[in-house]
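Here is the structure we will look at, set down as structure tokens.
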Amino acid sequence: MGISIPRIFVEIENSKIQEFIESGRAKKRMLIVKDSGEIKLIEIGDQFKNIDGKIYVQEIYDDAYKWLIDLENGIIMRNSIIITPNGEYIFLKKGKRVYLFEAMGRIVVPLVKVGEKILSGRRIAAIFTGKREVRYLRSDSAGKIVYIAQIENKPQRYLIVLIPRED
């Protein structure tokens, strides 16, 4: 697919699909997930006909934390699909528990990528303090990184979301 940042798509009800179609053409990038598991990408302007599966509409990746995750309880709030830069599809199911990591400091540098599998104890972010010290945020769980977003600029604040590995 040739993208450099992850993309996120959120499931919509089939009854709302007309909001995203104009004159038989898609107004937003969409995914159709068929019962067989096949995924079809619909680009903006593509002809849009019969719906034979679940529809996911692309949303702004950086703002997804506002609607994707219950930040207090660490639970996915809407069925979503993230496409990683290497083309992997990550399905996030509503109600699934995730681990949230927050990194905050003068400068924060994430050390992981979306789609990366990590082990417990792995450094996931470098945090540079105002005193020019470097601290590291470590994961206390093994799993897969599914979302990374910068939430604030000063001080820098990042949210890193991990799906725990299921043994």
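All of the numbers you see were taken from the coordinates with simple rules; none came from a lab. Computed from a predicted model, the values in this text were never measured in an experiment. Cβ coordinates were reconstructed from backbone atoms using ideal geometry, including for glycine residues, and neighbour counts include every protein chain displayed.
Structural remarks
- Net charge of Cβ neighbours under 13 Å - reference Q47; Lys, Arg +1; Asp, Glu -1: +1
- GNM top mover of R123, R132, R29 - the chain, alpha-carbon springs below 10 Å: R132
- Computed over the range 51-150, the ratio Rg/Rh where both radii use C-alpha atoms and Rh is Kirkwood: 1.01
- Computed from the alpha carbon atoms alone, the convex hull of the range 75-124 holds 107 Å³ per residue.
- Result for the chain in a Gaussian network model with C-alpha springs under 10 Å: among G37, G121, G105, the largest mean-square fluctuation is at G37.
- Length released on extending from D35 to F128, taking residue separation times 0.36 nm less the Cα-Cα span: 28.8 nm
- Sequence-separation-based contact order of the chain, relative, with Cα cut under 8 Å and 6+ spacing, percent: 18 percent
- Among the listed pairs K96/K154; K16/K66; K27/K96; K66/K154; K66/K117; K34/K66, those with a Cα-Cα distance over 26 Å are K96/K154; K27/K96; K34/K66.
- Along its three principal directions, the equivalent ellipsoid of the range 99-164 from the Cα gyration tensor extends over semi-axes of 20, 13, 8 Å, largest first.
- Globularity ratio of the range 7-92, using Cα Rg and 2.2 N^0.38 Å: 1.10
- Over all pairs of different C-alpha atoms, the chain has a mean inverse distance whose reciprocal, the Kirkwood radius, equals 17.2 Å.
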